[in-house]
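K.L.:
Have a look at this one.
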Amino acid sequence: MKIGIIGSSLAGLVAGKKLGQAGHEVTVIEKTRMLGGRMATLDDGEGNIFDYGISHFHANNPDFVSFVNYLKEENLVDEWSSRFEYFDGSQLHDLNPNRSPELHYASTRGFSRVAQKLSRWVDIKSSVQAGGLTYIGADRTKKRAWMINLTDVSVFECDAVIIATPATVAYGILMTAQDETPARRIIRHVDEFNYDPSFTVMASYRNQEVPDWDAVECAGEHLKWVINESSKRDNADTSLVIHSSAAFARKNKEEDPQKAASGLLQQVARITGQDWIAQPTAEHYHYWQYASCRNPIDEGFMELEMEEAPLALIGDYLGGNSAESSYLSGLRLAEYWNEKYELARV
């Protein structure tokens, strides 16, 4: 089959790789120039690398553990951190008494390298956005069952579609096809997912000693995580990534990002007692509108069951809201489709 995947999230790239390895012709359509969704990495050109989306993850499922071991062999991830401090909203503690005993993994060279590795099995159409779908499966004068309508006014024809975006984005895409297909069966489910945003600050500090903690997990009003990027790799400068709480992100969405960043940096300086954190040498910002799904469901993927025009949804909101659930969502769909659809249809 010729398959179009909308979105280059971990789920989308994993599905693309597995389907491509089986012989299907796969193209990933990504609205930005950067692959990976929240596997987002900033290289500031000064010798500092920041993972400003996914900062670390756990691995429990055997299939995901196998994938992580492969990434370890490729020197893309490694075990990370036993030095997590915890801010309970009023006081900083050496550790979180409720912390999971699971191993943490972080990237050694930036999570975007993982996305690049996975993308080798697919074609990429970047910097172009999917605006909607047109179902043409019943029109036998047409070669393909679907047209993905792109915002540059071009179209991409394919036999099958995978939507690997946040549920809110997937909802908008599905709405364009609801009158021609049974898409309403899953639209009502997709519309029920809700997301928390996050405002992220990347800060570097020249000639500053690296903190003796790897991360600070926060339960306060403004902060969620403070990540010591310098504990993961040899950055040129001391480097931190600060993730805000959802409440802070919503309140400051329309605020000047420099002002919002200054407020977070001051909070971290106060909590840790390290005043220098409030005065970075350089800083960068990013607003994540769909940072975390509040109500994921225990279902690996959703499928619109049309034999002549397959369509499915995958993502971390299907299975558990984590890097592991995103990986498994893409993997499970690819395994299912590789068994279900014969390559004679390519």
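The values are calculated or read from the model by the stated rules, or taken from the named source; none is laboratory data. From a predicted model like this one, the values you see are computed outputs, not experimental measurements. Every residue, glycine among them, receives a Cβ derived from its backbone with ideal geometry; neighbour counts consider all protein chains shown. The protein model used for the area step is the full one, side chains on, heavy atoms only, and it has no ligands, DNA or RNA in it. Shrake-Rupley method; radii C 1.70, N 1.55, O 1.52, S 1.80 Å.
K.L.:
All but one of (1) of a type in the set (Gly, Ala, Ser); (2) buried (at least 21 other Cβ atoms within 10 Å of the Cβ); (3) over 30 Å from Arg188 (Cα atoms) hold for Ala219, so report the exception by its number.
P.N.:
Status for Ala219: all satisfied but (2).
K.L.:
Out of the residues in segment 35-61 that are more than 11 Å from the chain's Cα centre (by Cα) and of a type in the set (Gly, Ala, Ser), state the one that is surrounded by the most Cβ atoms within 10 Å (Cβ to Cβ).
P.N.:
Per the criteria, the residue is Ala59.
K.L.:
Moving on. Is one or more of the residues making up segment 155-163 of a type in the set (Asp, Glu) and surrounded by 21 or more Cβ atoms within 10 Å (Cβ to Cβ)? Talk me through it step by step, then tell me what you get.
P.N.:
Here is the first cut: in segment 155-163, the residues of a type in the set (Asp, Glu) are 157, 159.
Imposing the further condition that a residue be surrounded by 21 or more Cβ atoms within 10 Å (Cβ to Cβ) reduces the set to 159.
Yes, segment 155-163 contains a residue that is of a type in the set (Asp, Glu) and surrounded by 21 or more Cβ atoms within 10 Å (Cβ to Cβ).
K.L.:
Inspect segment 322-338 for any residue being outside any helix (DSSP H, G or I), out of contact with any Leu (no Cβ under 8 Å at 6 or more places or on another chain) and within 23 Å of Phe87 (Cα to Cα) and give the result as yes or no.
P.N.:
From segment 322-338, those outside any helix (DSSP H, G or I) are 322; that's our starting set.
Still in the running and out of contact with any Leu (no Cβ under 8 Å at 6 or more places or on another chain): 322.
Now restrict to residues that are within 23 Å of Phe87 (Cα to Cα): 322.
Looking for residues that are outside any helix (DSSP H, G or I), out of contact with any Leu (no Cβ under 8 Å at 6 or more places or on another chain) and within 23 Å of Phe87 (Cα to Cα), one finds at least one in segment 322-338, hence yes.
K.L.:
Being within 23 Å of Trp80 (Cα to Cα), in a loop (DSSP other than H, G, I, E, B) and of a type in the set (Val, Ile, Thr) is the filter here, so list the residues in segment 17-57 that pass it. Outline the logic, then answer.
P.N.:
Taking segment 17-57 as the starting set, the residues that turn out to be within 23 Å of Trp80 (Cα to Cα) are 36-44, 47-57.
Keeping just the survivors that are in a loop (DSSP other than H, G, I, E, B) gives 36-40, 44, 47-48, 52-56.
The one that is within 23 Å of Trp80 (Cα to Cα), in a loop (DSSP other than H, G, I, E, B) and of a type in the set (Val, Ile, Thr): Ile54.
K.L.:
Here is a further query. Kindly evaluate Gly263 against the criterion of being at pLDDT below 95 and not in a strand (DSSP E or B).
P.N.:
It is false that Gly263 is at pLDDT below 95 and not in a strand (DSSP E or B).
K.L.:
Next question, about the same structure. Would a scan of segment 157-170 turn up a residue that is without any contact (Cβ under 8 Å) to a residue 40 or more places away in the chain, out of contact with any Cys (no Cβ under 6 Å at 6 or more places or on another chain) and at negative phi?
P.N.:
Going through segment 157-170, the residues without any contact (Cβ under 8 Å) to a residue 40 or more places away in the chain turn out to be none.
Checked against the condition, which is being without any contact (Cβ under 8 Å) to a residue 40 or more places away in the chain, out of contact with any Cys (no Cβ under 6 Å at 6 or more places or on another chain) and at negative phi, segment 157-170 yields no hits at all.
K.L.:
Additional query: For segment 266-284, how many residues meet the condition of being open to solvent by 20 Å² or more (accessible area, probe 1.4 Å), assigned to a helix (DSSP H, G or I) and more than 14 Å from Glu217 (Cα to Cα)?
P.N.:
5
K.L.:
Check Met147 against each of (1) over 30 Å from Leu95 (Cα atoms); (2) within 22 Å of the chain's Cα centre (by Cα); (3) part of a strand (DSSP E or B) and name the one condition it does not meet.
P.N.:
For Met147, the failing item is (2).
K.L.:
Pairs, please: C-beta under 7 Å, at least 6 apart or cross-chain, first residue farther than 11 Å from Val201 by Cα and in segment 259-276, second open to solvent by less than 40 Å² (accessible area, probe 1.4 Å) and not aliphatic (A, V, I, L, M)?
P.N.:
Ile271/Phe87; Gln274/Pro211; Trp276/Tyr205
K.L.:
Mind counting the residues in segment 1-34 that are open to solvent by less than 20 Å² (accessible area, probe 1.4 Å), at pLDDT 95 or above and more than 18 Å from the chain's Cα centre (by Cα)?
P.N.:
Residues in segment 1-34 being open to solvent by less than 20 Å² (accessible area, probe 1.4 Å), at pLDDT 95 or above and more than 18 Å from the chain's Cα centre (by Cα): 7 in total.
K.L.:
Looking only at segment 171-197, filter to residues that are without any contact (Cβ under 8 Å) to a residue 60 or more places away in the chain and within 20 Å of the chain's Cα centre (by Cα); which one of those is least open to solvent (accessible area, probe 1.4 Å)?
P.N.:
This residue is Gly172.
K.L.:
If a residue has to be in contact (Cβ under 8 Å) with a residue 24 or more places away in the chain, surrounded by fewer than 14 Cβ atoms within 10 Å (Cβ to Cβ) and not in a loop (DSSP other than H, G, I, E, B) to count, how many in segment 64-86 make the cut?
P.N.:
Qualifying residue count for the region: 1.
K.L.:
Follow-up. Looking only at residues in segment 225-241 that are assigned to a strand (DSSP E or B) and out of contact with any Ser or Thr (no Cβ under 7 Å at 6 or more places or on another chain), which one is surrounded by the most Cβ atoms within 10 Å (Cβ to Cβ)?
P.N.:
Quick first cut of segment 225-241, residues assigned to a strand (DSSP E or B) only: 225-228, 238-241.
Cutting the leftovers down to out of contact with any Ser or Thr (no Cβ under 7 Å at 6 or more places or on another chain) gives us 226, 228, 240.
Working: Val226: 27, Asn228: 21, Leu240: 24.
Of everything passing the filter in segment 225-241, Val226 is surrounded by the most Cβ atoms within 10 Å (Cβ to Cβ).
K.L.:
Here's another thing I want to ask about it. Mind checking which pairs have a first residue in segment 198-210 that is at pLDDT 95 or above and crowded, with 23+ Cβ neighbours inside 10 Å and a second that is among the aromatic types (Phe, Trp, Tyr) and outside any strand (DSSP E or B), Cβ under 9 Å, 6 or more apart or different chains?
P.N.:
Ser198/Phe248; Phe199/Phe248; Thr200/Tyr52; Val201/Tyr52; Met202/Tyr52
K.L.:
Failed condition for Asn321, given (1) out of contact with any strand residue (DSSP E or B) (no Cβ under 7 Å at 6 or more places or on another chain); (2) open to solvent by 10 Å² or more (accessible area, probe 1.4 Å), with all others met?
P.N.:
(1)
K.L.:
Scan segment 87-97 residue by residue and report those that are part of a loop (DSSP other than H, G, I, E, B), surrounded by 12 or more Cβ atoms within 10 Å (Cβ to Cβ) and not charged (D, E, K, R). So that I can check it myself, show each step before the final result.
P.N.:
Pass one, segment 87-97, residues part of a loop (DSSP other than H, G, I, E, B): 88-91, 94-97.
Among the residues that remain, those that are also surrounded by 12 or more Cβ atoms within 10 Å (Cβ to Cβ) are: 88, 95-96.
Listed by number, the residues that qualify are Leu95, Asn96.
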